[in-house]
1. What is the spin-label model distance, in nm, from Glu141 to Glu91 if the labels are put 7 Å beyond Cα along the C-beta direction?
2. Which of the three applies to the stretch 32-81, rounded, prolate or oblate, going by the alpha-carbon gyration tensor with a ≥ b ≥ c and a/c under 1.5 meaning rounded?
3. What's the FRET efficiency of Ser74 with Ser251 using the Cβ-Cβ distance as r and R₀ = 45 Å, to the nearest 0.05?
4. So, in nm, how far is label Leu67 from label Thr115 when the simple model puts each one 7 Å beyond its Cα toward the Cβ?
5. Per DSSP helix of 4 or more residues, -39500 (n - 2.57); summed, then divided by the residues of the chain. What does that give at 222 nm, rounded to the nearest 500?
6. Cross-link list Lys280/Lys306; Lys17/Lys48; Lys17/Lys247; Lys193/Lys284; Lys22/Lys153: which exceed 31 angstrom alpha carbon to alpha carbon?
7. Check which residues have an amide H placed less than 5 Å from Ser5's amide H, if you skip close sequence neighbours.
8. Label points 7 Å out from Cα along the Cβ direction at Ala293 and Gln195: separation in nm?
Amino acid sequence: MRKASIIGRNLSLGYTKGKVQKEILHGLDFELLSGEMTCLLGPNGVGKSTLVKAILGQLKPFEGEVLLNGKVTSAYSNEMLAKELSVVLIEPFLPGNMTVGQLVAMGRIPHTGWTGKLEDRDREVIQNALSATKIEYLRDERLSEISDGQRQKALIARALAQDGKVMVLDEPTAHLDLVNRYEIMHLLREISKNQGKAILVVTHDLEIALETADRFWLLNCGTPLISGLPEDLVISGQINQLLPGKKFHFSVEKGRIESKTEELKFDISGPKILVRWISKALEKSGVKELSGAVEVSEGPFSLSYKGIIYKSVEGLLEDLTSS
Ligand SMILES: Nc1ncnc2c1ncn2[C@@H]1O[C@H](COP(=O)(O)OP(=O)(O)OP(=O)(O)O)[C@@H](O)[C@H]1O
């Protein structure tokens, strides 16, 4: 049984302006488990960052409490909190002159104090953090001279060097390309497993989260936080809570979000996968129906429609949309 590193009990969160309290989230209960990567998903503005601030002890709840290792976070000093909890937030302004090694060493500040004098133990932890994030080769590179993906790994290494049991990351893959997004999420999953850390990742990347997360927390306006295995949430249909409008739904068969279009009446025959992609292209270009059948062949790919052979879907679409 996994240990709950962070527990939220009956949390109500929001902001105070003057004397007015604006409540954003109400009655939240949750447990962040060690050795697991949990992804927090929800629409823009629902309160994900607000929840993260409360977990980090930066926002005092209107009601309820956040417990870290069984003790309310407000009872921790900033220094103690930094030893238990590390954070990766979007940091657009990092000093470009700093090297990756220096940035990662900053993770040791809660342990060394601001003098930053590193002992053997600190150096070992820094080395382990660089190696766990696979960026040892970047140690002497300047932050201004590495890629966004490498910088993100360096920030994760800094959080690892902090050596807490809990890591919280707010959109660590924003602005990264697809390969880097997968790489970072796989890396975080690996760290949660190998180092037994409780990792919370706020993300909008549903498909990558489905591939990598142990657990999802789904946040939606006015409903309790839903926590569960991603696969259970897909099977039960609760994943659709992320898509409250009528326009989109989560396709269980395809494992991704798609638009709910009216029943399509395309008569397309051929290999199933090719038929699916052709239907998608027709759907996207606004074609509602065909006045004949499409036959698809593969190796080499061709389409036959009303006696004309097309070598690409684009050719068919050009004829359909120009007529
Ligand atoms: N400092 C603040 N003072 C007042 N209201 C705030 C403050 N920060 C956020 N809010 C409000 O709280 C609500 C939730 O914001 P939050 O940033 O937590 O959402 P989010 O789910 O993280 O959104 P996104 O996915 O866009 O990052 C929004 O309506 C926002 O306007």
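No lab work stands behind these numbers, since they all come straight from the coordinates. All of these numbers come straight from a predicted model, not from anything done at the bench. Counting neighbours? That spans all protein chains shown, and the Cβs are built from the backbone with ideal geometry, glycine included.
1. Taking the two extended label points, one gets 1.7 nm.
2. oblate
3. 0.55
4. For Leu67 paired with Thr115, the spin-label model returns 3.8 nm.
5. -10000 deg cm²/dmol
6. The answer is Lys17/Lys247; Lys193/Lys284; Lys22/Lys153.
7. Here Leu32, Leu33, Ser34 satisfy the definition.
8. 6.0 nm
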